[in-house]
Amino acid sequence: MGFKRLDPEDLVLSNEAVTTAAWSNNAPTLTSFFTSSTQAGAASSTSEFYFDIYQTASGDTSAAVQFGIAYCDSVGSGSTFYNVLVTGSSPTRTNYGQYRTLVLGDENAEFTFGNETTEYFYVLNIERARYKETLLEGTMTLNLSGSGGNISLTDDSGLGGAVTFTDAGRRFNLVSGSAGSVYTSVDANGWTANSGSYGFFLPDVGLILLNGEALDGPTAGGGIALGTTRGFDTANYNQKLVYNSLNLAGTGGFTLNSKETLSSDFVFVRARNQEFNYSENPSFISGSTGEVLFNSFIDNPQTYITTVGLYNDNNELLAVAKLSRPLLKDFTKELLVRVKLDF
């Protein structure tokens, strides 16, 4: 075994963006959506807050949460009050406040989609494990269906406009289109009549906000007549409307990709012709006398390099690189091993 100190030019740092399908089993599109039978009922303590959506029946061994659907209402409509003496304090109002703080960073702010302020909206909260570092803009296609028709939504990152930043990172508008391609023949701005934009796409926190008023509107105005019910002190479970809308969309489904940046350290380990030609292996040296066993090993030694170890200044082994096969080394050969460390 021999040691050699690395020079600064032997170290190279690289960043590489890796994109993958967001859903389980590397599926690019979900076409079937399932809820948990234990959560979708009124007995569940979370059912008024959100529904978890699975890619298969929740009882299957391969079932995993893909995203959650929540309904948010600024006045607390659509769910029962925590306390009948505290009017408006309900799960839907709590949801509204949580996302207002996360996205707007101001507990007194209101959500404005496009040119219209709305009291209620829906949230598709992508499971953290599904999108890794961030969602990949320009690849989303969300197909929804209602009694008033169908709609396909995507983000407007492909339009090349200035990116809007919020407390939750980058924000794009939702527009009519698919995979980042905008249906300009339908509506150039992606806004519905008298209801503003369809919502927001927030890739850095895995959120898709859907403007409830826009989806509730008639087909002629760009909506799908989703049918949101805003009962006072009533559990309407409006999130189920979006769940049903996704299933009604059929084969169109929900397409989404994720992106992460992998940082890699490349370490170039060089064995020059004069280096690493001798060994302390017993096949080289006599254990009793310390002499070289064969004269040919003095002037023409041969070794086989199989492993590269990376040590710190305290002589502690930090990483090991195994070569795919032993490489012959002598005075006539030089060796360059590139070690890649991903983190």
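The values are calculated or read from the model by the stated rules, or taken from the named source; none is laboratory data. These figures come from a predicted structure and were not determined experimentally. Here the Cβ is made from the backbone with ideal geometry for all residues, glycine too, and neighbour counts use every protein chain on show. The area values use the complete protein model at the heavy-atom level, side chains included, leaving out ligands, DNA and RNA. Shrake-Rupley method; radii C 1.70, N 1.55, O 1.52, S 1.80 Å.
Summary of computed values
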quantity: Gyration tensor (alpha-carbon) shape descriptor, region 295-343, a/c threshold 1.5; calculated: prolate
quantity: Residues with amide H under 5 Å from that of Thr134, placed H, sequence gap 5 or more; calculated: Lys259
quantity: In order through region 209-219: 3J(HN,Hα) via Karplus (6.51 cos²θ - 1.76 cosθ + 1.60), integer Hz, x for Gly, Pro; calculated: 9, 10, 5, x, 5, 5, 6, 6, x, x, 4
quantity: Size of charge dipole - region 1-82 - debye, nearest 20, with Cβ of Lys, Arg +1 and Asp, Glu -1, no other charges; calculated: 140
quantity: Candidates Glu291, Glu275, Glu127, ranked by Gaussian network fluctuation over the chain, Cα under 10 Å, top entry; calculated: Glu291
quantity: Shape call, region 195-321: gyration tensor on alpha carbons, a/c limit 1.5; calculated: prolate
quantity: Most fluctuating residue given options Leu210, Leu144, Leu13, as computed from a GNM of the chain linking Cα atoms under 10 Å; calculated: Leu13
quantity: Estimated vicinal HN-Hα couplings, Hz - region 22-34 in sequence order (Karplus 6.51, -1.76, 1.60; Gly, Pro = x); calculated: 6, 8, 4, 6, 6, 7, x, 9, 9, 10, 10, 10, 10
quantity: Solvent-accessible ranking of Thr117, Thr251, Thr228, largest area first, probe 1.4 Å; calculated: Thr251, Thr117, Thr228
quantity: Vicinal HN-Hα couplings computed from phi for region 311-317 (Karplus, 6.51 cos²θ - 1.76 cosθ + 1.60; Hz; Gly/Pro x); calculated: 10, 8, 5, 8, 6, 9, 6
quantity: Interchain or long-range residues, amide H under 5 Å from Thr118's placed H; calculated: Phe111, Phe113
quantity: Residues whose placed amide H lies under 5 Å from that of Gly199, excluding near-sequence neighbours; calculated: Leu174, Asn211
quantity: Degrees, to the nearest 10: 239-248 long Cα axis against longest axis of the chain; calculated: 80
quantity: Option label - Cα extents along the principal axes in Å computed here, alternatives (1) 95, 50, 45; (2) 95, 46, 39; (3) 82, 42, 34; calculated: (2)
quantity: Top of Ser77, Ser145, Ser44 by mean-square fluctuation, Gaussian network on the chain, Cα under 10 Å; calculated: Ser44
quantity: Additional length obtainable on full extension of the chain from Thr307 to Glu275, 0.36 nm per residue less Cα span; calculated: 10.0 nm
quantity: Helical mean residue ellipticity (222 nm; -39500 (n - 2.57) per DSSP H run of 4+; nearest 500) of the chain; calculated: -2000 deg cm²/dmol
quantity: Cut-off 12 Å between beta-carbons: net charge of the residues surrounding Gly169, Lys and Arg +1, Asp and Glu -1; calculated: -2
quantity: Computed magnitude of the charge dipole of the chain (debye, nearest 20; Cβ of K, R +1, Cβ of D, E -1); calculated: 680
quantity: Cα-projected label distance for Leu102 with Ser45, points at 7 Å along beta-carbon direction, nm; calculated: 2.0
quantity: Among Gly105, Tyr71, Tyr82 - extreme Cα towards positive end, dipole of region 1-119, charges at beta-carbon; calculated: Tyr82
quantity: Cα-centred dipole magnitude for region 194-323, charges only on beta-carbon of K, R (+1) and D, E (-1), debye, nearest 20; calculated: 560
quantity: Three-way shape call for region 117-178 based on the alpha-carbon gyration tensor, with the a/c threshold at 1.5; calculated: rounded
quantity: Accessible heavy-atom area order of Arg171, Arg338, highest first, probe of 1.4 Å; calculated: Arg338, Arg171
quantity: Peptides ranked, highest mean first, by Cβ atoms within 10 Å: ranges 131-137, 256-262, 237-243, 309-315; calculated: 237-243, 131-137, 256-262, 309-315
quantity: Heavy-atom SASA rank of Thr141, Thr29 (probe 1.4 Å, accessible area, largest first); calculated: Thr29, Thr141
quantity: Lysines whose Cα lies under 23 Å from that of Lys340, excluding same-chain neighbours fewer than 8 positions away; calculated: Lys4, Lys132, Lys259, Lys322, Lys329
quantity: Cα centroid of region 112-139 to Cα centroid of region 287-337, whole Å; calculated: 55
quantity: Full-stretch length increase - Phe3, Thr29 - with 0.36 nm per residue and alpha-carbon distance subtracted; calculated: 4.2 nm
